[in-house]
Structures are given as C-alpha cells and as structure tokens.
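Structure, as structure tokens:
Here, each number is a calculation from the coordinates, and none is a lab measurement. This structure is a prediction, so every number in the text was calculated from the model and none was measured. Heads up, the Cβs are rebuilt from the backbone with ideal geometry, glycines too, and the neighbour counts pull from every protein chain shown.
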Amino acid sequence: MRLVRYGAIGAEKPGLIDNAGLLRDLSDHVADINGDMLGDDSIAALSAIDHSALPIVDGSSRIGACVGNIGKFLCIGLNYSDHAAETGAAIPEHPILFFKANSAIVGAYDDVVMPRGSTHTDWEVELGVIIGKTAKYVSKADALDYVAGYCVVNDVSERHFQTKLTGQWTKGKSCDTFGPTGPWLVTRDEIADPQNLNMSLDVNGKRMQTGNTSTMIFSVAEIIEHLSSLMTLHPGDVITTGTPPGVAMGMKPEPIFLKKGDVMSLTIDGLGQQLQTVDQDA
C-alpha cells in the first residue's frame, strides 16, 4: 500500500493512493498515519479493505509528511561508499548518527525555505525507513520485520551551519523545512529488497545525484540492529539512511549551493517523487 497524509499543515488526514493512482480517504478506518497504526495487524486490516469503495479525495489537496507525530528522526551520515569517496571522508567503523529536529519535517511538495543568511544549503536524496513496532536489541536477521515501510527523504543541509558553527551536525540539518518526507509511506511488502533501489535528485532539471542503495556501507538491517542496541526504536520513528554521491559539497572545483527559486526533484524506485521550490527567509 501507498499510505499518505493530506490536507492543511497541522490538519492532515489519513489516505492512500489506490492502484489507479487516485487519492482515497481513510478517516473512517484510522485517525492518522502514525505510530499507533503501523503494526503488522493494523497494516493488514487496511490492506483488506475494499480500496475502490473508499471516498475519492480532490487531487489538488496538499500532501503532508507521510508519517504523523514522528517520535525520533534519526539520520545516518556518510553511509554510501561512493559519497564518502567524493567528500574525502574515511569509511566509518560504525554508523554515524545524528538527529534532525522534528520541526524540520514537511511534506514532499512543500517549499524548502533556507534560513536567513544561508549561503551553503545542499541537497541529499535518502531512503527513509519507518519503524512499525517497538525494537530493542534486534538482530540483523530479524530487523526488517520491524519496518512498517519506506519513503523518500530529502536531508536538506546547510553546510556552513553544519561544519562551522561549533558542535555536531544537527545545527545544519534541523532548519525549518529541511526534512521533506514522503510523499508516500510504502509498506514493506511492496519493497522486495531495500538494498537494490535506484535513486536520483535533479536541481532545475539537471541530474545531480544518481545512486543505488546497494552501495550503502551499513544496510537497513544493520542500521536497525545497531540503533536498537543503543536505544529503543518506537513505532513511527523514522531513520534516514544516507545519501549517494552528487551533493553540492562534493563538487569540484567549486560547489554550487542552492539559491532562491531553485527546484529540486527526487525519486526512489517504488517510493514516488518529491518536488520542492527553494525560498529563503528575509
């Protein structure tokens, strides 16, 4: 299934995209697409509904982040071998973890608004993983059983804030609107192998990033095993798993960062497309 949340910011309703590509309302069946309904039994119950009988929603509705009330937004850095190579970074021994503030989370088509004074805002197409049931001390062999589904994430990053403002990466990752998530939560049964997904990102129609999740240093299962040994993962938590090469920061001889009016387009096999216009706070 392709689960969505639609409507005005702060008033999103649950829905799904049917096999004909129509947006249909799920409000009679669940209150929201969030951790309360992401377990296997709840997903199975939604799958069993006659989707053709669900109310059709006006196609012009805003699409919000595909998960509501996200508990933790966990991010893995430098997790693609080819991206590490372009930045000159060493291959990490363990997954590099940072957090993105939940206030950064927006819908897949919402504007990305650079903060006042930003000059080094960058793009990162990433595979998002949505946890479906409580996970603690989970083995790699069992890890994917704890996944509700997958989505596209743009881990927008202000590189000057990230590297020059003293401290951890979170400062450059957490600006408002720097976490477009969705458009869909695609349930795990529809993604046969999360380690074989093509992904790309264009800026103003020019291809910047091309990659495949097969070049991850740490697989989705290994990431879940590692994180669940450090903290409990809860339903509705989102893990974004790193980006392939092609970010602005890695450009030679000089990087070209985002500017007001730029348009980013992101895709991952089976997970839909994001599209954002860049703006900037005055």
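For the chain, modelled as a GNM whose springs connect Cα atoms under 10 angstrom apart, the maximal fluctuation among PRO253, PRO244, PRO115 occurs at PRO253.
Taking every DSSP beta bridge that has both ends in segment 65-280, the antiparallel portion is near 85%.
Stokes-Einstein at 20 °C, 1.002 mPa s, Kirkwood radius from Cα pairs: D for the chain in µm² s⁻¹? This corresponds to a translational diffusion coefficient of 114 µm²/s. As a proxy for reagent exposure, LEU46, LEU165 were ordered by neighbouring Cβ count within 10 angstrom, fewest first; the result is LEU165, LEU46.
Once the chain from ASP58 to TYR109 is taken as fully extended at 0.36 nm per residue, the excess over their C-alpha distance is 16.7 nm.
In this structure, the amide hydrogen of ASP279, modeled 1.01 Å from its nitrogen in the peptide plane, lies closer than 5 angstrom to those of VAL112, VAL113, MET114, GLY261, counting only residues at least 5 positions away or on a different chain. Expressed in units of 2.2 N^0.38 Å, where N is the residue count, the Cα radius of gyration of segment 70-211 is 1.08. Taken one residue at a time, the phi angles of segment 249-261 give Karplus couplings (6.51, -1.76, 1.60, θ = phi - 60°) of 4, x, 5, 10, x, 10, x, 10, 8, 5, 9, 4, x Hz. Gly and Pro are set to x.
Quick one: among GLY250, GLY21, GLY77, which has the greatest mean-square fluctuation in a GNM of the chain with alpha-carbon springs under 10 angstrom? It is GLY21.
Among the trypsin sites (Lys or Arg not before Pro) in segment 24-117, those placed in a DSSP loop whose Cβ has at most 10 other Cβ atoms within 10 Å are ARG116. Distance between the pseudo-spin-label points of LYS260 and LEU165 (7 Å out from Cα toward the beta carbon): 2.0 nm. Most simply put, segment 81-182 has about 85% antiparallel DSSP beta bridges, counting only bridges with both residues inside it.
Over the chain, dividing the summed -39,500 (n - 2.57) contributions of all DSSP H runs of at least 4 residues by the number of residues returns a 222 nm mean residue ellipticity of -3500 deg cm²/dmol. Among the lysines of segment 65-280, pairs that are 8 or more positions apart or on different chains and have alpha carbons within less than 23 Å of each other number 26.
Against the chain, whose longest principal axis is taken from its Cα atoms, helix 220-230 shows a tilt of about 90°. Of TYR80, TYR146, TYR109, TYR137, the sequence from fewest to most neighbouring Cβ atoms within 10 angstrom is TYR137, TYR109, TYR146, TYR80.
Here the residues GLU86, GLU225, GLU190, GLU254, ranked from fewest to most Cβ neighbours within 10 Å of their Cβ, fall in the order GLU254, GLU190, GLU86, GLU225. When the chain is treated as a Gaussian network with alpha carbon springs shorter than 10 Å, the biggest mean-square fluctuation among ASP50, ASP145, ASP122 belongs to ASP50.
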